[in-house]
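Working notes for the structure below.
The values are calculated or read from the model by the stated rules, or taken from the named source; none is laboratory data. Quick caveat, the model's predicted, so the values are computed rather than measured. Please note: Cβ atoms are built from the backbone with ideal geometry, for glycine as well, and neighbour counts cover all protein chains shown.
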Protein chains: 2
Amino acid sequence: MSGSPLVNQLIEALRCLPGVGPKSAQRMAYHLLERERVAAENLSAVLAKAVNEVGHCELCRSLTERKVCDICESSNRDRTLLCIVESPSDVQVIEQSTDYKGLFFVLMGHLSPLDGIGPEDIGLDLLASRLDQGEVKEVVLATNFTIEGEATAHYISEMVNSRNIIASRIAHGVPVGGELEYVNSTTLSRAFSGRQNF
Amino acid sequence: MSGSPLVNQLIEALRCLPGVGPKSAQRMAYHLLERERVAAENLSAVLAKAVNEVGHCELCRSLTERKVCDICESSNRDRTLLCIVESPSDVQVIEQSTDYKGLFFVLMGHLSPLDGIGPEDIGLDLLASRLDQGEVKEVVLATNFTIEGEATAHYISEMVNSRNIIASRIAHGVPVGGELEYVNSTTLSRAFSGRQNF
């Protein structure tokens, strides 16, 4: 413990950050107070503002401080394509690394009956009425490749197909730069069954 | 980029934390906004309070929100022992891992003539008047074992000795649990020259 209750309080508060244990929290607190007071004050202000103002986009449920997020509002996106992801960070990853130009729909989770998370908890009622509007022609399922993510993708694909809309799933396979030797067997068998003409 | 300017601003602001790059900042921002709003609000408040209220202890220069820090004020400390360290985090480390019960003096840096950091910048005028008060009987030098830390310790030891006060330096040597094979040669040679009877 340091000689200052307030510094100890700050160290404790920093532990709400993911991956930050007691040692890192201590290092962060001293770094901010000794060398980064202006940046720390800015962080405090932006954090308070974000916590108070950022809510969910009315269309895609992603995080935004407005009623509708920038992506949903943009006129440069293909409105016939809708990509389904589990969380707002997935949107960011896809935006950063692919040339996907359609819209998104963020589930903010996945189906998990054991935890009492059903279709409405992940916004599937909102998705259904969105699909009924007839603008969307293809739904790209980009939930995680976990058991829950796969089950959620399967459930949504049935909703989509029943409305005569195309449902697609992003590809499973060997990661780029990955060596076959180190890829797990399920991935490798999916890579074979999903092979495409060269 | 996400669909929210405010979220992007938060990601940017989080990068003032040491060891936090773009990926971790992104993960932290989404984690706070999706799952830890209460903790995030608390962090924002504590951080603002700490930045505004935490200053330096008048006696030891460590961080505190009061005029004199808890350690300097405590009646359970041996006031004849004064340990010199470079930063407030060193105080915390020593408090956590040793049974040292004396007081501290924090330099908030080390001598570095090339960077224009001289004796007064690290509070040695304050230290001199402290030593002149006659309460301190031994000064334990616990600056880092770097070139600057060693030079600073040497400089202070001369100040201390000229006042007929004992100056001691914490021991160099092989770390506990360390294997000789992996210890660097300077450390090993210091461990030999500093050997003690068994």
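Within the stretch B:150-177, being at pLDDT below 90, hydrophobic (A, V, I, L, M, F, W, C) and farther than 12 Å from B:V139 by Cα holds for B:A171, B:V174, B:V176. Among residues of the stretch B:88-108 being surrounded by fewer than 18 Cβ atoms within 10 Å (Cβ to Cβ) and in contact with a Gly (Cβ under 9 Å, 6 or more places away or on another chain), the one that is farthest from A:N8 (Cα to Cα) is B:M108. Scanning the stretch B:117-168 for residues that are on the phi > 0 side of the Ramachandran plot and buried (at least 18 other Cβ atoms within 10 Å of the Cβ) yields one hit, B:G123.
Might you check whether a residue that is closer than 19 Å to A:E34 by Cα, out of contact with any strand residue (DSSP E or B) (no Cβ under 6 Å at 6 or more places or on another chain) and assigned to a strand (DSSP E or B) occurs anywhere in the stretch B:111-123? Looking through the stretch B:111-123, at least one residue is closer than 19 Å to A:E34 by Cα, out of contact with any strand residue (DSSP E or B) (no Cβ under 6 Å at 6 or more places or on another chain) and assigned to a strand (DSSP E or B). Of all residues in the stretch A:22-35, exactly one satisfies the criterion of being under 17 Å from B:L14 (Cβ atoms), more than 8 Å from chain B (Cβ to nearest Cβ) and out of contact with any helix residue (DSSP H, G or I) (no Cβ under 6 Å at 6 or more places or on another chain), namely A:R35.
Within the group A:S44, A:S75, A:S89, A:S24, which residue is assigned by TED's automatic domain parsing to the domain that holds A:N144 and either closer than 30 Å to B:E86 by Cα or at pLDDT below 90 (or both)?
Numbers: A:S44 fails: assigned by TED's automatic domain parsing to the domain that holds A:N144; A:S75 fails: either closer than 30 Å to B:E86 by Cα or at pLDDT below 90 (or both); A:S24 fails: assigned by TED's automatic domain parsing to the domain that holds A:N144.
After applying the criteria, what remains is A:S89.
Selection of the stretch B:113-150 for residues being small (G, A, S) and farther than 30 Å from B:N184 by Cβ yields B:G116, B:G118, B:G123, B:A128, B:S129, B:G134.
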